[in-house]
1. Name the residues whose placed amide hydrogens come within less than 5 Å of the amide hydrogen of ARG328, ignoring near sequence neighbours (fewer than 5 apart) on the same chain.
2. Which residues make up the longest stretch of the chain clear of trypsin sites (Lys or Arg not before Pro) that lie in a DSSP loop with no more than 14 other Cβ atoms within 10 Å, not counting the sites?
3. Rounded to a whole number of µm²/s, how large is the Stokes-Einstein D of the chain at 37 °C and 0.692 mPa s, given Rh as the Kirkwood radius over C-alpha pairs?
4. Please arrange VAL335, VAL284, VAL324, VAL157 by how many other C-beta atoms lie within 10 Å of their C-beta, fewest to most.
5. Find the centroid of the Cα atoms in the range 193-241 and in the range 63-106, then give the distance between the two in whole Å.
6. Using DSSP loop states and a limit of at most 16 other Cβ atoms within 10 Å to flag GluC sites (Glu not before Pro), what is the longest stretch of the chain containing no flagged site?
7. If only Cα atoms are counted, what is the Rg of the range 181-330, and what is its Dmax, in Å?
8. Can you run the Rg to Rh ratio on the range 75-185? Use alpha carbon positions and the Kirkwood inverse-distance Rh.
Amino acid sequence: MDIQASIQALVDKWFGPLVYTTGTTPSSSKAPGGICGVYYGDQNYYFPYGSIDESGTPPDENTIFGVGSVTKTFTTSILGQHPILFSGSYNDNWKVANNLPAGYALQGTEEDVTFAQLATFTAGIPTVPPEGQQTDQQQFINFINSINPPSLPANNVYSDSSIGFLGQVLMHLDGYTVFDGIHANEWAGKRLFAALSMANTGFPAKEDASHPLSMAFKFLDEKNAYGKIDYSPWTPWGTAGRMFSTCSDMLNFVQANCGVTEINGHGVPQGITAGMLHAQTDWVPKGPNTSPVDQGFAWILINAGTTDEFCGKAGGVPGVSSFVTACRSMKLGVVFLTNMMGLKPEGAAIGLTKELQSLTKSTA
């Protein structure tokens, strides 16, 4: 069997419809360009589609794309490296309220919030602050300090602010007092990216001649065409959705999440491997005030509790629709990176991953 041809056919089926092709009609459901990466059988495969600029340049594995909320899994992988922060036996000194950066002062119920609740969207924190409080650190502090849910854990509510606040607290534990993109990039680099040879991942986009940044686009309904836009600036909750990466780097991340212990000739530190396993654990019990999905630390778990279980995470901000999966039991996963928001790639990425699982079983 020609494995690459088999994978190509599956990628054409699932990823291909998400990207515009020359000669077809532009659409709000198709990005101008994108790339699908597949980790399968201990090999990386790359499948580029469309273009990354107005000149028609195709992407490749070294093209930089925004990853949007996939950033959350970077932050929660780092949380996973600190089991004392979320295990049932942690000391009260390790509660979130006792490890706050300057200015934060949680009140009422929120004083008891745990790191795990921040990471599983059960901390009672709305997704983003009100308009006008979205880029200023002091306003973000005021927003977090004002939150007082009736009880914890709260109902699962997907929240950029929850993970962004978590990122600031984790950075603070590592000695940081400034939480802008430059310092967040340095922190994540030390904690995660450097060890996984993810040299072109971070904020701002680390573009150069060999690693061009894809333009960001939106669909212009009135013109039935694509229009170039700017990527969003850093925000106080940037550790939830503002990083950039390449497909090559992201497949390194997928491999590490699959438990691979050596990437590009370098050993993966045991703490990172363990942290990723912790992040993939279903942390929210079923019953009142529960998650509607099997919820890890930012990851959702598909086919949870079975031999076919895998984790997945979507990203969507202006100029970005992305999705990443990793199946630890079968050592496979996919990366979807595109240059337009609003594509909703979840179903396609999950469908492709399930078909790759079937391919693994049929060739075993």
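Read the figures in this text as sums done on the coordinates, not as results from a lab. What you are looking at is a predicted structure, and each value in this text was computed from that prediction instead of being measured. In this analysis, Cβ positions are derived from the backbone assuming ideal geometry, glycine residues included, and neighbour counts consider all displayed protein chains.
1. For ARG328, the qualifying residues are CYS311.
2. Within the chain, the longest run free of exposed trypsin sites (Lys or Arg not before Pro) spans 1-222.
3. Roughly 159 µm²/s, to the nearest whole number.
4. VAL157, VAL284, VAL324, VAL335
5. The two parts, judged by their Cα centres, are 24 Å apart.
6. 223-364
7. 17.3, 53
8. 0.92
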